[in-house]
1. Would you mind calculating the gained length between residue 21 and residue 337 on full extension (0.36 nm times residue separation, minus the Cα-Cα distance), in nm to one decimal?
2. Which trypsin sites (Lys or Arg not before Pro) does the range 45-87 hold that lie in a coil by DSSP with at most 15 other beta carbons within 10 Å?
3. Quick one: compute a quarter of the convex hull surface over the Cα atoms of the range 290-373 and quote it in nm².
4. Under a 10 Å cutoff between Cα atoms, tell me which one of 97, 327, 174 has the largest fluctuation in the Gaussian network model of the chain.
5. How large is the convex hull of the C-alpha atoms of the chain per residue, in Å³?
6. About the Cα centre of the range 1-149, how large is the charge dipole given +1 on each Lys and Arg Cβ and -1 on each Asp and Glu Cβ? Please answer in debye to the nearest 20.
7. Out of 411, 395, 203, whose Cα points farthest toward the positive end of the dipole of the chain (charges: +1 Lys, Arg; -1 Asp, Glu; placed on Cβ)?
8. Helix 34-45: angle to the longest alpha-carbon principal axis of the chain, degrees 0 to 90, nearest 10?
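The values are calculated or read from the model by the stated rules, or taken from the named source; none is laboratory data. The model shown is predicted, which means the values in this text are computed figures rather than measured ones. No Cβ is skipped: glycine too gets one built from the backbone with ideal geometry, and neighbour counts run over all protein chains shown. These accessible areas exclude ligands, DNA and RNA; they are computed on the full protein's heavy atoms, side chains included. Shrake-Rupley method; radii C 1.70, N 1.55, O 1.52, S 1.80 Å.
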Amino acid sequence: MQINLSNHTKIKVKAINDQLHLTLSEMMTGNIPKKTFKKLIKKRIRISEKNIQIIKNAEDLIIKIENETNLPVKNVLIKELSIILSEYLPLTLKNKITNRKLIHITKDSGIPLMGSIYFGIIDRGTNLIQVRPLTGCLLNCPFCSVDEGKLSKTRLTDYLITVPYLVEETRKLIAYKGISDIEIHIDGQSEPTLYPHLPELIAEFKKDSRINVISIQTNGLPLNYKYIKKLEQIGLTRINLSINSLNPKKAQYLAGTSSYDIDHIKQIAKQIVSSSIDLLISPLWIPGINDEDIEEIISFTNNLKIESDFPILGIQNYLKYKFGRKISHVKMVNMKRFQEKLREWEEKFETHPLFLSKTDFGIHPAKSYPKPFRKGEKIEVEIVSLGRLPSKHENKQEMLGSAKNRVIQIMNSTAKIKNRVNVKITKTKDNIFYAREIYN
Ligand code: SF4
């Protein structure tokens, strides 16, 4: 019997030597030693190792079984082979873009989707729900507030959540809020359009009549005409597109990579305008670095003649974050100075309002889940995953704990997966939990 596993799963083969080098859902890579795979097949399906051949045909993974009697039917074999790989591969998964270890978060992973700033669902008490399906970015912006990209010095781990789990948990939160003007905003410590299941995720949200806006944040680089058309057909409402300079060299400097092509991004902006998807251009003003560039972006945006139910230009203020990258010689400006600058630009360009508030996007307060812990509380958690951040201390790093269906981020931890540890909660804002380990 011969089975083409790639026809039944999202697994492709890069190479086979003494290991199977596999790609899953385009975004992840994983390995399994050939011998181990055969041993696991023998143990689980009772097939002699010498009767199993593992073949690469183009990118397809073929399993050929010969000289065996009493083989299970083909469908059962496919299911069993898929289970073997899905149990083994998470041990070796890597993000193809960043080359970091990748944690695949499924409903069975034991990792809740609320409580972490890195992934899952973030509810800041309004009708807007932030949905973060993955981490990892293909740019290396020198100002990145979350030190993303493959040149990152501080991010150790990436995460990718399955669509059914993410949709199920989001629906529960929407039901709890009890309103029907929800905006789902897909963003993250990532480039969200790298999520290999983005169309599927948007399509699932689109089915829910309580959701009236689905928006995404993107740097635009992975987008192309065909993909925009696809997102339009599925019913994406708005794309928030980051553009920080129209000057090719400056744009590459601000993206941290020579692969950034601002002409491509300008084309993308035009293609979005010609679709039914609304466009919000969202530049970051970095005082002293891209002042003139922001003015060119305002003119560029005005010339696009965007028709939208939302604001079309949302200039952001540059802020420095503890765990982010900083442009050392740049000084931040306070909110008052930022507002003055926006007013100056409004007058100079006789343009639409640049100083925006949540209400410009239809955002209003809406109830949130109660917080299961309060600051200062001592609780016991089970360690369910590696965190993202390293530690200055040897043999320590951030770990993620779980309790009461929340993730708790624990810095400088020595704990291992499945350990139960005592922690003291240090922060609870927006149902995002931080804690430190306590030793009795
Ligand atoms: S595009 Fe965003 S997430 Fe990616 S490196 Fe730049 S600022 Fe960071």
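1. That works out to 108.4 nm of additional length.
2. Numbers: sites: 46, 50, 56, 64, 74, 79; in loops: 46.
Hits after loop and neighbour filter: 46.
3. Values: hull surface 34.5 nm².
That works out to 8.6 nm², a quarter of the Cα hull's surface.
4. Highest fluctuation of the listed residues: 327.
5. Per-residue hull volume (Cα only) is 170 Å³.
6. Values: 23 positive and 13 negative charges, 99 e Å.
In debye, rounded to 20, the range 1-149 gives about 480.
7. 395
8. In the chain, helix 34-45 runs at an angle near 70 degrees to the longest axis.
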